[in-house]
Amino acid sequence: QAQLVESGGGLVQPGGSLTLSCVVSGLSLDYYAIGWFRQAPGKEREGVSCVRPSDDIPYYKDSVKGRFAISRDKDKNTVFLQMNSLKAEDGAIYYCASGCTTLADFWGQGTRVTVSS
């Protein structure tokens, strides 16, 4: 059974940084894309970033381009999301998933990011 576990969320001030981690078990990063999604209160879940097995240009939501970076450590089966220059509107529960769309089969439990002064 595949399992994804996120960590690294917390409270940061606007302009601050956080790095989220997604530890993947039961799936190989050589064969599965891993995506980051977020959901703010009262809003739809949205894709933030995604990295595919081919390791070509990753996907980023327009509003996070230049601020967020996705990366992988294949030896540790872990995917990271480095978030810089955080804005209040980045506040949400962040999830990782086994794909680049909301139809992904496997999801983590979520980690909360709060951006507030």
Where does each of LEU4, LEU103 land when they are ordered by accessible area, with a 1.4 Å probe and the largest first?
LEU103, LEU4
Whole-Å distance, taken between Cα centres, linking segment 52-89 and segment 4-51
8
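Whenever you get a sec, compute what percent of the accessible area on the chain sits on carbon and sulfur atoms (1.4 Å probe). Write down the numbers at each step before the final one.
Details: 2990 of 6310 Å².
C and S atoms contribute 47 percent here.
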Fluctuation leader among LEU81, LEU20, LEU11 - the chain, Gaussian network, Cα springs under 10 angstrom
LEU11
Hey, in the GNM for the chain with a 10 angstrom Cα cutoff, which one of ARG67, ARG38, ARG52 fluctuates hardest?
ARG67
Most mobile of GLY15, GLY42, GLY91 per a Gaussian network model of the chain (Cα springs, under 10 Å)?
GLY42
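Hey, what's segment 1-105 come to in accessible area per residue, 1.4 Å probe, Å²?
54
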Any residue on another chain or 5+ positions along whose placed amide H is under 5 Å from the amide H of LEU27 is listed here as GLN3
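How high is the relative contact order of segment 53-117, given as a whole-number percent (alpha carbon pairs under 8 Å, six or more residues apart)? List each step's numbers first, then the result.
On the way: 66 pairs, mean separation 15.2, N = 65.
It comes to 23 percent, rounded to a whole number.
The values are calculated or read from the model by the stated rules, or taken from the named source; none is laboratory data. These figures come from a predicted structure and were not determined experimentally. Note: areas computed on protein heavy atoms with side chains; ligands, DNA, RNA excluded. Shrake-Rupley method; radii C 1.70, N 1.55, O 1.52, S 1.80 Å.
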